[in-house]
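What follows is a set of notes on a single structure, which appears directly below.
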Amino acid sequence: MVGMRIADVQEDIDHELITKTQIEDIINHAAAQASEDYRGRNPLLVCVLKGAVNTIAAFAQAMSIPVQMDFMSLSSYGSGTESSGTVTVRQDLSTDVRGRHVLIVEDIIDSGITLAWLVDELKRRGAASVEIFALLEKPARRKVNVDVKYKGYEIPDEFVVGFGLDYDEHYRNLDSIAVLKPAVYQGGQA
Ligand code: 5GP
Ligand code: MG
Ligand code: MG
C-alpha cells in the first residue's frame with residue numbers, strides 16, 4: 001500500500017469526511033473550468049502555505065493551460081484551532097502581481113479573515129484580477145464575506161485534517177480529509 005490512509009492513523013481519527021476520489025473529482029472539475037476562464041491570460045496561482053500545498057499541486061496539474069505558481073506564508077492561527085483574527089506575512093511572494101490575473105488556491109475557508117485580507121492585499125498591490133478556488137468551506141463559521149469563484153465542498157463546523165491540512169503539523173500527508181477526535185486537540189489521549 002502506498003500513502004498514509006485513515007487506517008494508518010485510525011486511533012486519532014473520528015471519521016473520514018471526504019475521500020481521495022472526491023478530492024480529485026472536485027479539483028479536476030474546478031481546474032477544467034478555470035482553464036477555460038483563464039485561457040490566454042497567463043494566470044498566477046497563489047498558494048497560502050502550508051495547508052494549500054497539496055491542493056495547488058493537484059489543481060495546477062489538472063489545468064490544461066500554462067500557469068505560474070507562487071507561495072506565501074500567512075499567520076492567523078497559532079498551534080490552536082481558532083483564528084487569532086490578526087494576519088501577518090511570514091514569507092512573501094517572489095512575484096510582482098501588478099497587472100497579473102491572480103487565482104488564489106486555498107485549502108479551507110473558515111472565518112474568511114485570512115482570505116479577505118489576502119484579496120485586499122493583492123488588489124492593493126495592483127493585481128488585474130483576484131479570484132479564489134477553495135477546496136473546503138465551513139459556512140457556519142464565516143465572519144467575513146469573500147467571493148469564492150471556484151467552489152469545493154462545504155463541510156460542517158468540525159476541525160479537519162489531511163490533504164495538506166494539519167493539526168500542529170501532523171496529518172498533512174493523509175491522503176483524504178478527516179475529522180480528528182476532539183481528544184487529540186484537547187490534549188487528552190485519543
Ligand atoms: P480563516 O482565516 O478562514 O479563519 O482560516 C483560514 C486558515 O485556517 C485555513 O487556510 C487553514 O490553514 C486554517 N483552518 C481553518 N479551519 C481549519 C480546519 O478545520 N482544519 C485545519 N487543519 N486548518 C483549518
Ligand atoms: Mg489555508
Ligand atoms: Mg494549520
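The values are calculated or read from the model by the stated rules, or taken from the named source; none is laboratory data. Remember, predicted model here, so these are calculated numbers, not experimental data. Here Cβ is always computed from backbone atoms with ideal geometry, including for glycine, and neighbour counts include all displayed protein chains.
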Taking segment 139-190 and keeping residues more than 12 Å from ligand 1 (Cβ to nearest atom), more than 25 Å from Phe59 (Cα to Cα) and assigned to a loop (DSSP other than H, G, I, E, B) leaves Lys181, Gln186, Gly187, Gly188, Gln189, Ala190
Q.
Looking at segment 108-126, can you tell me whether even one residue there is away from ligand 2 (no atom under 15 Å from the Cβ), part of a strand (DSSP E or B) and within 17 Å of the chain's Cα centre (by Cα)?
A. no
Flagged pairs (Cβ under 9 angstrom, 6 or more apart or on separate chains; first in segment 157-174, more than 23 Å from Lys143 (Cβ to Cβ); second within 6 Å of ligand 1 (Cβ to nearest atom) and assigned to a strand (DSSP E or B)) are Phe163/Asp107; His170/Val161; Tyr171/Val161; Tyr171/Leu165; Arg172/Val161; Arg172/Leu165; Leu174/Val161; Leu174/Leu165
Among (1) modelled with pLDDT of 95 or more; (2) in contact with a strand residue (DSSP E or B) (Cβ under 9 Å, 6 or more places away or on another chain); (3) not acidic (Asp, Glu), Ser64 falls short only on (2)
Here the qualifying pairs (Cβ atoms under 6 Å; residues six or more apart or on different chains; first in segment 80-107 and over 26 Å from Tyr185 (Cβ atoms) and at pLDDT 95 or above; second more than 16 Å from ligand 3 (Cβ to nearest atom) and of a type in the set (Ser, Thr, Tyr)) come out as His101/Ser129
Of the residues in segment 132-174, those that are charged (D, E, K, R) and either farther than 18 Å from Val105 by Cα or in contact with a Ser or Thr (Cβ under 8 Å, 6 or more places away or on another chain) (or both) come to Arg141, Arg142, Lys143, Asp157, Glu158, Asp168, Glu169
